[in-house]
Amino acid sequence: QKEVEQNSGPLSVPEGAIASLNCTYSDRGSQSFFWYRQYSGKSPELIMSIYSNGDKEDGRFTAQLNKASQYVSLLIRDSQPSDSATYLCAVNMSGGSYIPTFGRGTSLIVHP
Amino acid sequence: EAGVTQFPSHSVIEKGQTVTLRCDPISGHDNLYWYRRVMGKEIKFLLHFVKESKQDESGMPNNRFLAERTGGTYSTLKVQPAELEDSGVYFCASSQSVGMNTEAFFGQGTRLTVV
């Protein structure tokens, strides 16, 4: 069973701090990794994609990938209350159809 | 450009009834996915269409679920007869291409409650 694991949280950080969200995956052949943000009652929104080992930065967001450790993370700098949401890690599993497979999601709360 | 749209947004039905969910993907997206999220669990894959063809339906829970995508445009997911454990949020997603770097875009979901 190919799986994606995330700590469900909630992760609570003060405004202005760095929020660190982590994800591990079981399929060593996976090549594509995504972070989605989902506000309560809304659709998951794609915020970051990463395909190569290392860091990828986009504004206040940095995705980090370590394929050897099968680990992908999302850092949110200068966290804002509006960042409070559930963050979903998704991995396109290898083996043919590359279906995006999701973790349970981590609930982030940024308090003023 | 319109995003992925789903209808209805909420549905409450009694056990044993039939419900049909609809998804309109982003125009030009050949790939359409159905997912389901049961409370407290992860978003689980149900099936994948490429145009009108079912590419992968390995996630469909049982034969009470029937998905169609006539003409390769919108898709419907019918649950007949509905059971209590079918309650959850059903998401539809679409993507332009299929492959390793596929980025999928989601609809707002249909919250189904079976009572």
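The values are calculated or read from the model by the stated rules, or taken from the named source; none is laboratory data. Only a predicted model underlies this, so the values are computations on that prediction, with no experimental measurement involved. When we count neighbours, we look across all protein chains shown, and the Cβ atoms used for this are built from the backbone with ideal geometry, even at glycine. Please note that ligands, DNA and RNA were not included when accessible areas were found on the heavy atoms of the full protein model with its side chains. Shrake-Rupley method; radii C 1.70, N 1.55, O 1.52, S 1.80 Å.
Given a cut-off of 25 Å, name the pairs among B:Lys15/B:Lys54; B:Lys15/B:Lys44; A:Lys42/A:Lys67; B:Lys54/B:Lys78; A:Lys56/B:Lys41; B:Lys44/B:Lys78 whose C-alpha atoms lie farther apart than that in the structure shown. Long pairs (Cα-Cα over 25 Å): B:Lys15/B:Lys54; A:Lys42/A:Lys67; A:Lys56/B:Lys41.
By the rule of a C-alpha distance below 14 Å, with chain neighbours fewer than 8 residues away ignored, the aspartates and glutamates paired with B:Lys51 are B:Asp24, B:Asp30, B:Glu68.
Considering every residue in B:31-42, what mean count of other chain Cβ atoms within 10 Å of its Cβ is obtained? Walk me through the numbers before you get to the answer.
On the way: counts 3, 0, 2, 0, 5, 0, 6, 0, 0, 2, 2, 12.
Mean partner shielding for this stretch: 3.
What number comes out for accessible area per residue over the protein assembly as shown if the probe is 1.4 Å? Units Å², please. Please report the intermediate quantities before stating the final value.
Details: 10690 Å² over 227 residues.
I get 47 Å² per residue for the protein assembly as shown.
Note on chain B: with neighbouring protein chains present and a 1.4 Å probe, carbon and sulfur make up 49 percent of its accessible heavy-atom surface. Taking the centroid of alpha carbons for each part, segment A:1-56 and segment B:37-115 are 22 Å apart.
Heavy-atom accessible area buried between chains B and A is around 1900 Å² (1.4 Å probe, both sides summed).
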